[in-house]
Amino acid sequence: MFPLLSKARRSIRQPPAPETRTLDVAGRLMPLTIRQHERATRITLRIEPGGRGLKMTIPRGLAAREINAFLDRHQGWLLTKLAKFSSETVLEPGGEILLRGVKHRIEHTGTLRGLTESVLVDGRHVLRVSGMPEHAGRRIATFLKKEGRLDMERLVAIHAGRIGAKVASISMKDTRSRWGSCSTDANLSFSWRIVMAPPMVIDYLAAHEVAHLKEMNHGPHFWALCRKLCPHMDEAKAWLKRHGSQLHAIDFD
């Protein structure tokens, strides 16, 4: 019995470690991760949220020449798809950043200490950032996280109160695969990048995750509850579909 069991264990093949490389897409260098999958019958290629990298799944043992040929054939497709992830946001003095759907001109205060703040100057929205100019991106990200938390704590409290639900905790993260999540323990998590979206979109995301406190699925009852909490749900979902990738594409580092 034991020799046979040991032999059976040795026969189980572990998947090879993923291969990582850099792919040149018309001068744009993209990190590429290639994974072999035992049950894969064809090559699949997808772009990571925010256009930050590429992931490829291939049948086990596929020859390198076939992988390279596939990538060559799909250069045009990649160029078209990556175009929508391009961000024109420049996180330096003179650039602009969205806050609750409103463009703010970035201005450096000229001081090393001080808070990042949103102000109105001669009818224009300005985001004043202190510290070293090269650290503006990180300081802006910190500011957005704080503002995003304030919005979510307020909106979640409103929506949870409407349906008599209790929230255990709220966390703000820089997730790329989803804008928010709700655990079975009533812990809600949100991407702080949502604070760059218009207020109706921020409200929709809060309502969406609160609705999961009652319906841990995406069935008809969930969507009915979500629409009850957020009547502008369809408009907000459409905005995220059109513009969400641009928010993910902004590099704050």
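Taken together, the residues in the range 215-245 that are out of contact with any His (no Cβ under 8 Å at 6 or more places or on another chain) and in a loop (DSSP other than H, G, I, E, B) amount to 6. Summed over the range 55-113, the residues that are surrounded by 16 or more Cβ atoms within 10 Å (Cβ to Cβ), part of a loop (DSSP other than H, G, I, E, B), without any contact (Cβ under 8 Å) to a residue 40 or more places away in the chain and among the basic types (Lys, Arg) give a count of 0. Just to be sure, is Ser189 of a type in the set (Ser, Thr, Tyr), within 23 Å of the chain's Cα centre (by Cα) and part of a strand (DSSP E or B)? Against the criterion (of a type in the set (Ser, Thr, Tyr), within 23 Å of the chain's Cα centre (by Cα) and part of a strand (DSSP E or B)), Ser189 qualifies.
Selection over the range 131-151 of residues that are in contact with a helix residue (DSSP H, G or I) (Cβ under 7 Å, 6 or more places away or on another chain) and farther than 17 Å from Pro199 by Cβ gives a count of 2.
Screening the range 157-184 for residues that are over 11 Å from Val210 (Cβ atoms) and β-branched (Val, Ile, Thr) and picking the one that is surrounded by the fewest Cβ atoms within 10 Å (Cβ to Cβ) gives Thr184. Within the option set Arg105, Arg154, being out of contact with any helix residue (DSSP H, G or I) (no Cβ under 8 Å at 6 or more places or on another chain), among the basic types (Lys, Arg) and more than 29 Å from His208 (Cα to Cα) holds for one residue only, Arg105.
Read-outs: derived from the displayed coordinates by stated rules, not from any lab. Bear in mind that the values here come from a model prediction, so they are computed numbers and not experimental data. Cβ: placed from backbone, ideal geometry, glycine included. Neighbour counts: every protein chain shown.
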